[in-house]
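One structure below.
The values are calculated or read from the model by the stated rules, or taken from the named source; none is laboratory data. Just so we're clear, the structure is a prediction, and the values are computed from it rather than from any experiment. Cβ: placed from backbone, ideal geometry, glycine included. Neighbour counts: every protein chain shown.
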Amino acid sequence: MTAPEEQEPESAGLVRPYVITNGRGLPDTDQFNLITLVTASEQRRAPTLDPEKRSLLDLCSGGYLSVAEIAGHMGLPIGIVKVLLSDLSSDGYLVTRAPAPPAQLVDVSLLQEVLDGLQARFG
Amino acid sequence: MVSRPASDEDVYLDDAVQIAAKILVVGHFAVGKTTFIGTMSEIPPLRTEERMTQAGAHVDDLMGTRGKTTTTVAMDFGRLTLSERLVLYLFGTPGQERFVQVWEDMTRGALGALILVDPERLKESFPVIDLVEQYGLPYAISVNHFDGSPVRPDGELREALDLLPETPVVTCDARDEKSSANALMALVRYLQERTR
């Protein structure tokens, strides 16, 4: 048990994400959601690029992945990954697929496509 | 469950994929969400862990409740490429209201939710159903059928969960691919009916 007045030692894992994003929080933007599809652009990397951004770009160089998959593969929280992606994107290092329409605009054809896909695969 | 080789080609989406859709697989603790997602996913399921005090607009709520306590919420997800241009992601997380930020992230743009229910622990599903309704997501109920668990008559379960007459209720074995796919298809058909 830890006495209330004692500070619990914070492990490296708990501190690191703040460091990675230089203490910034989530960007207030919808540019990246969990299923935004992302890949690396052809742009040459600046030698000053942070190691985390470097490894993120390495991961993204193989093809398209969703934001959630990037977070899962890198073992980082989604929020942190969004900040890194947002930075990399504004510096031209990333390409994204156009975002899907919001739920209320989902049309019948998309649902039909999902259903057809499931049926073809498992039906 | 057959595990697939984790070669590089399996990690990335096909270049032709243009559209990503999302369906939530939710339910109370240990109801079978992770199993369901593992059964359906074409990639080994992934997990992210979100620390709820680290960022976002809802930090204050959490800070107010319990000082410096850190809450970690795990989100499991899987992927299913459904056509040349379409990929479906399945996201699962426990339904607890304090994970507001995770829920906002998950529900934004989701087609709908499949709520997994254990017929022996119906009460535990109430908060999850409340939460899904609160976010305005259409849903279907999937009664996870474990070996030996009695299957409740449909009407009794509907009444217990206070469901709308049109809400689909299906039974499903989360370990079985076909059975799990059927539950998803029941949800999608329901979503189609709602848009007509």
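Quick one: which helices (runs of 4 or more DSSP H) sit completely within the stretch A:50-92 and have at least 2 residues that are within 17 Å of residue B:75 (Cα to Cα)?
Qualifying helices (runs of 4 or more DSSP H): A:67-74, A:78-90.
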Requested in this report: Determine whether the stretch B:135-147 contains at least one residue that is more than 13 Å from residue B:23 (Cβ to Cβ), within 14 Å of chain A (Cβ to nearest Cβ) and surrounded by fewer than 13 Cβ atoms within 10 Å (Cβ to Cβ).
Outcome: yes
Query raised in the report: Do we have residue B:8 as at the interface with chain A (Cβ under 10 Å from one of its Cβ atoms), modelled with pLDDT under 90, more than 18 Å from residue A:78 (Cα to Cα) and exposed (fewer than 14 other Cβ atoms within 10 Å of the Cβ) here?
Result: yes
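Name every residue in the stretch B:15-41 that is in contact with a Gly (Cβ under 8 Å, 6 or more places away or on another chain) and either at pLDDT below 90 or loosely packed, with under 15 Cβ neighbours inside 10 Å (or both), in order of residue number. So that I can check it myself, show each step before the final result.
Our first condition is that a residue be in contact with a Gly (Cβ under 8 Å, 6 or more places away or on another chain); within the stretch B:15-41, this holds for B:15, B:22-28, B:33-34, B:36-38, B:40-41.
Across the stretch B:15-41, the qualifying residues are B:15, B:28.
Has the stretch B:91-104 got any residue that is surrounded by 15 or more Cβ atoms within 10 Å (Cβ to Cβ) and at pLDDT 90 or above? It would help to see each step written out before you state the result.
Kept after step one, since they are surrounded by 15 or more Cβ atoms within 10 Å (Cβ to Cβ), are these residues of the stretch B:91-104: B:91-96, B:98-103.
With the extra rule that they be at pLDDT 90 or above, the set shrinks to B:91-92.
Checked the stretch B:91-104: at least one residue is surrounded by 15 or more Cβ atoms within 10 Å (Cβ to Cβ) and at pLDDT 90 or above.
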Requested in this report: For the stretch A:93-107, name all the residues that are part of a loop (DSSP other than H, G, I, E, B) and modelled with pLDDT of 95 or more.
Outcome: A:93
Query raised in the report: Among B:170, B:188, B:87, which is of a type in the set (Val, Ile, Thr), within 13 Å of chain A (Cβ to nearest Cβ) and not in a helix (DSSP H, G or I)?
Result: B:87
